[in-house]
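The block underneath contains the structure these notes are about, expressed in structure tokens.
Just so it is clear, none of the values below were taken in a lab; they were calculated from the coordinates. All values derive from a computational prediction rather than experimental measurement. Cβ: placed from backbone, ideal geometry, glycine included. Neighbour counts: every protein chain shown.
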Amino acid sequence: KWKGSKSTGSYHDGFILLDKSFIKIDKNEIKNGEIIIDMNSITCTDIDDPQSNEYLIKHLKNYDFFSVSKFPIASLKIHSAQPVEGNINKSTENQFMNGLYLFICDLTIKDSTHTIDFVADVTINQSAAVAIGKIEIDRSKFGIKYKSKSWYPDLGDRFINDIFELYFNLVAFPG
């Protein structure tokens, strides 16, 4: 789920789907991975009027924001996932592990790549791995300038916050 907000406190939100992904886990440790995001799948859930909803989605997909026709995917490459000290629980048989992990990743949006980090609550067992968390993304770093105070400091109170949020609940199965 994504959420973007304005300076006034109002916001828009919706969903975006994954195209494909893989996570390499060895001995209950996350080694690396990649998540491919389908930018064409973006939806809006907070606008009920069909015409207004469609207008926002078209605007998010056009050059002002994500340029989806030119950049139909975004990607998140996981370089490391380290347990947050004091926040990991292991079974005595090492059958499962859960707790908070600090992820270091490269995020690519619109052919621009930047390193990001975030914390996720991860559970790993023999049948699946689950990660739940939130990523805060500074859109201005990816050249998304529309009503950005970073790019246009004289906007007054008519700006859109540069930080947008992605809330995720990912499940990985052995394969």
Seminar exercise, completed: Ranking Gly33, Gly133, Pro174 by how far each Cα lies towards the positive end of the charge dipole of the chain (+1 on Lys and Arg Cβ, -1 on Asp and Glu Cβ), the top one is Gly33
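With a sphere of radius 15 Å drawn around the Cβ of Phe159, what net charge do the other residues whose Cβ falls strictly inside it have (Lys, Arg +1; Asp, Glu -1)? Numbers along the way, then the final one.
Details: positive: Lys6, Arg139, Lys145, Lys147, Lys149, Arg158; negative: Asp64, Asp138, Asp154, Asp157, Asp162.
Cβ neighbours under 15 Å give a net charge of +1.
Given charges of +1 on the Cβ of Lys and Arg and -1 on the Cβ of Asp and Glu, with all other atoms neutral, how large is the dipole of region 93-151 about its Cα centre, in debye to the nearest 20? If you can, show how the numbers build up before the last one.
Numbers: 7 positive and 7 negative charges, 118 e Å.
In total the dipole reaches around 560 debye.
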Problem set entry | Lys110 long-range amide H proximity, modeled H, under 5 Å | none
Exercise. What does the charge dipole of the chain about its Cα centre add up to, to the nearest 20 debye, if the Cβ of each Lys and Arg holds +1 and the Cβ of each Asp and Glu holds -1?
Worked result: 340
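With the contact rule set at Cα under 8 Å and sequence spacing of 6 or more, what percent relative contact order holds for the chain? Kindly include the intermediate steps, with their values, before the conclusion.
Details: 381 pairs, mean separation 35.7, N = 175.
After rounding, I find 20 percent.
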Exercise. Given 5 Å bins starting at zero, what is the percent of C-alpha pairs of region 22-175 in each, up to the one with the largest pair distance?
Worked result: 2, 8, 15, 19, 16, 14, 11, 8, 5, 2, 1, 0
Problem set entry | Phi to ³J(HN,Hα) by Karplus 6.51 cos²θ - 1.76 cosθ + 1.60 over region 55-63, Hz, x for Gly, Pro | 4, 5, 4, 4, 5, 5, 7, 8, 4
For this session: Among Ile160, Ile73, Val119, flag the residue with its Cα farthest along the positive direction of the charge dipole of the chain, charges on Cβ as +1 for Lys/Arg and -1 for Asp/Glu.
Result: Ile73
Seminar exercise, completed: With x for Gly and Pro, the residue-by-residue ³J(HN,Hα) of region 97-108, computed from phi through the Karplus equation 6.51 cos²θ - 1.76 cosθ + 1.60 at θ = phi - 60° and given in whole Hz, is 8, 8, x, 8, 10, 9, 9, 10, 9, 9, 9, 10
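Working out 0.36 nm times the residue gap between His59 and Tyr11, then minus their Cα-Cα distance, what length gain in nm do you get to one decimal? Can you show the working numbers first?
Working: separation 48, 0.36 × 48 = 17.28 nm, distance 1.48 nm.
Here the segment from His59 to Tyr11 would lengthen by 15.8 nm.
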Exercise. About its Cα centre, how strong a charge dipole does region 1-70 have in debye, to the nearest 20, once Lys and Arg get +1 and Asp and Glu get -1 at the Cβ?
Worked result: 300
Exercise. In 10 Å bins starting at 0, how do the alpha-carbon pair distances of region 1-81 split up by percent?
Worked result: 16, 39, 27, 15, 4, 0
